[in-house]
Amino acid sequence: MRNFSNTYIYTFSVIMVVIVALLLSLAAMQLKPFQDKNIEIEKKQNILASVRINSTPKDAQDLYAKYITESFVVNNIGEKLEGEDAFTIDMKSELSKPAAERKLPVFVGTLENGSKTYVTPLRGKGLWGPIWGYVSFEPDMNTIYGALFDHQGETPGLGAEITMDWFEDPFRGKTIFKDSTEFVSVKVLKGGAPDGDPHAVDAISGGTITSKGLEAMLDSCLVQYKTYFLSNRQ
Amino acid sequence: MSSNKNSKLLSNPFNLENPVTVQILGICSALAVTVKLKPAIVMGLSVIVVTAFSNLVISWMRNSIPPRIRIIVQLVIVASMVILVDQVLRAFVYDVSKQLSVYVGLIITNCIIMGRLEAFAMGNKPWPSLIDGIGNGIGYAMILIVVAFIRELFGSGTLLGYKIIPQAFFDAGYVNNGMMIMPTMALILVGVIIWIQRSYFKQLNEKE
């Protein structure tokens, strides 16, 4: 085995690190536009799914342009903020601001029959990492029209079930206001929601912490829109 | 190097020196990504690319790598390969990259790669090393695909997302086996494969 001097080892390491760094940054820069495009398409697919429109990565752009006819930003006292792009708002950074300064996006979907739905983004904590989603409301700003949830790393088969239709579909038709003014959100109940309860759905067996996190996410994100909902319902 | 020897390098890891069932390397990812066939195939391909090229690069550099820092050098090469693979997946097969999530990053720690670098690439010429890398990558991918095939078929009733088990079966009371979706079942399946392989190829059995 050859003996290498310390100078050689240092020089070798420095050259190796520089070459590798150059290669990796070059690759990252070249591929960035494609990756951003994918993330944008996924977000559009998610918003579409919350208004019950299925899309594939290929047709998501067109369907989004067709069905999501308007988007705007409100604050937590229901005032519209001008000059903001709802689509590029990152909920994670908004939620770290004080409640009064948050910019809250609303996406308006116009369905085949001409009726409107109002989509609000959600973000919260699951068991292993962030969970997020989109909930769409009927024009009464009370009844849920559709819901979509996603997660970063919840346990497959347990917490990760929040992305499944069997979990998402029961949200349809639930209402978030009791006696039309009191905000109650939608509860995710362990052991199952009682039949006909308009403010609760079944939790996931074995996914208690994810279910609890999802319930907290619904409550904390939707309450921000409370004033907007109450003053704009039809 | 005779081509006979090279073809042995390629085909030995398929069976008698299979990285998963004989060398027992790379089990963790074999459990994690085999619920569905598609991520298993992509993971297999990614590992083939990474083992092949890291073997090639390390073997090509082997005489100039100072032995005292060789593990660090290997890690740097493997890590950069993996980051490249991850970036490419994210750019061109986004949905698969989402499913693989952390496991792509974990290729870095996949024992197959470091094992082959230390055991083979550090002491052999680039061409045989490349073949050895491809062979071991394929050996790993084969097991992944077999396990994923069984798990997806019986766990979800589909293959590559297409429905295989006809609706009539479900109507007649057939249900998907929820156990198949759990990682435990992958371990049991790998165990069964090892059992079958060992009872067929007696030379694999340890001497009493």
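Which order results if A:Leu81, B:Leu25 are arranged by neighbouring Cβ count within 10 Å, fewest first? Walk me through the numbers before you get to the answer.
Working: A:Leu81 13, B:Leu25 21.
Ascending number of Cβ neighbours within 10 Å: A:Leu81, B:Leu25.
Among A:Ser50, A:Ser211, A:Ser96, which one moves the most in a GNM of chain A with springs linking Cα atoms closer than 10 Å?
A:Ser96
With an 8 Å Cα cut-off and a minimum separation of 6 or more residues, compute the relative contact order for chain B in percent.
On the way: 265 pairs, mean separation 72.6, N = 208.
Worked out over chain B, it gives 35 percent.
Give me B:Val57, A:Val223, B:Val147 ranked fewest to most by other Cβ atoms within 10 Å of their Cβ, as a rough exposure proxy.
On the way: B:Val57 22, A:Val223 15, B:Val147 26.
Exposure proxy ranking, most exposed first: A:Val223, B:Val57, B:Val147.
Just to check I understand the Karplus step: with θ = phi - 60° and J = 6.51 cos²θ - 1.76 cosθ + 1.60, what whole-Hz values come out for region B:120-136, glycine and proline as x?
Using θ = phi - 60°, the values come out as 10, 4, 5, x, 10, 6, x, 4, x, 5, 4, 5, 4, x, 4, x, 5 Hz.
Distance between Cα centroids, region A:117-175 to region A:17-64: provide it in whole Å.
Measuring centre to centre over Cα atoms gives 21 Å.
Can you list the HN-Hα couplings for region B:11-20, worked out from phi with the Karplus curve (6.51, -1.76, 1.60; θ = phi - 60°), rounded to whole Hz and with x for Gly and Pro?
My calculation for region B:11-20 gives 8, 4, x, 5, 10, 6, 10, 4, x, 7 Hz in order.
Amide H of B:Val20 versus every other amide H placed in the peptide plane: which residues, excluding those fewer than 5 positions away on the same chain, fall under 5 Å?
B:Leu25
Would you compute, from DSSP H runs of 4+ residues alone, the mean residue ellipticity of chain B at 222 nm, taking -39500 (n - 2.57) per run and dividing by the full residue count, rounded to the nearest 500? Working shown, then result.
Numbers: 10 runs with 138 residues, N = 208.
Helix contribution divided over all residues of chain B: -21500 deg cm²/dmol.
How many nm separate the modelled label positions at B:Phe169 and A:Gln234, each set 7 Å beyond the Cα in the direction of the Cβ?
Label at B:Phe169, label at A:Gln234, 4.8 nm between them.
Give me B:Val96, B:Val50, B:Val85 ranked fewest to most by other Cβ atoms within 10 Å of their Cβ, as a rough exposure proxy. Before the final figure, lay out each step's value.
Numbers: B:Val96 18, B:Val50 25, B:Val85 22.
Ascending Cβ contact count within 10 Å gives the list B:Val96, B:Val85, B:Val50.
Among B:Ser129, B:Ser54, B:Ser80, which one shows the highest mean-square fluctuation when chain B is modelled as a Gaussian network with alpha-carbon springs under 10 Å?
Among B:Ser129, B:Ser54, B:Ser80, the largest GNM mean-square fluctuation belongs to B:Ser80.
Over region A:142-234, calculate the relative contact order: mean separation of alpha carbon pairs under 8 Å at least 6 apart, over the residue count, as a percent. Can you show the working numbers first?
On the way: 127 pairs, mean separation 23.6, N = 93.
RCO, region A:142-234: 25 percent.
With chain A treated as a Gaussian network of Cα nodes joined by springs under 10 Å, which of A:Thr88, A:Thr143, A:Thr175 yields the largest mean-square fluctuation?
The residue that fluctuates most here is A:Thr88.
Treating only the Cβ atoms of Lys and Arg (+1) and Asp and Glu (-1) as charged, compute the dipole magnitude of the protein assembly as shown about its Cα centre; round to the nearest 20 debye.
Details: 40 positive and 38 negative charges, 375 e Å.
That gives a dipole near 1800 debye.
Given Cα pairs under 8 Å that are at least 6 residues apart, what percent is the relative contact order of chain A? Walk me through the numbers before you get to the answer.
Details: 404 pairs, mean separation 37.7, N = 234.
Computed over chain A, the figure is 16 percent.
Leaving out same-chain residues fewer than 8 places away, which aspartates and glutamates sit with a Cα under 16 Å from that of A:Lys174?
Hits, sequence-local ones excluded: A:Glu138, A:Asp140, A:Asp165, A:Glu182, A:Asp195, A:Asp197, A:Asp202, A:Glu215, A:Asp219.
Please work out the C-alpha center-to-center distance from region B:155-205 to region A:66-83 and express it in whole Å.
50 Å
Using the alpha-carbon centroid of each, what span in Å lies between region A:188-234 and region B:73-93?
Result: 40 Å between the Cα centres.
Quickly estimate the mean residue ellipticity at 222 nm for chain A, helices only: each DSSP H run with n ≥ 4 gives -39500 (n - 2.57), and the total goes over all residues, rounded to 500. Mind dumping the intermediate values first?
Values: 6 runs with 84 residues, N = 234.
Counting only the DSSP helices, I get -11500 deg cm²/dmol.
Residue by residue through B:81-88, how many Cβ atoms from other chains fall within 10 Å of the Cβ on average?
Working: counts 0, 0, 5, 5, 0, 1, 8, 4.
Rounded to a whole number, the mean comes out at 3.
In straight Cα distance, which lysines are under 26 Å from B:Lys38, not counting same-chain residues fewer than 8 positions off?
A:Lys32, A:Lys37, A:Lys43, A:Lys44, A:Lys58, B:Lys98, B:Lys163
A short reminder: the numbers here are calculations on the coordinates, not readings from a lab. Every value quoted in this text rests on a predicted model; they were computed, and no experiment measured them. Every residue, glycine among them, receives a Cβ derived from its backbone with ideal geometry; neighbour counts consider all protein chains shown.
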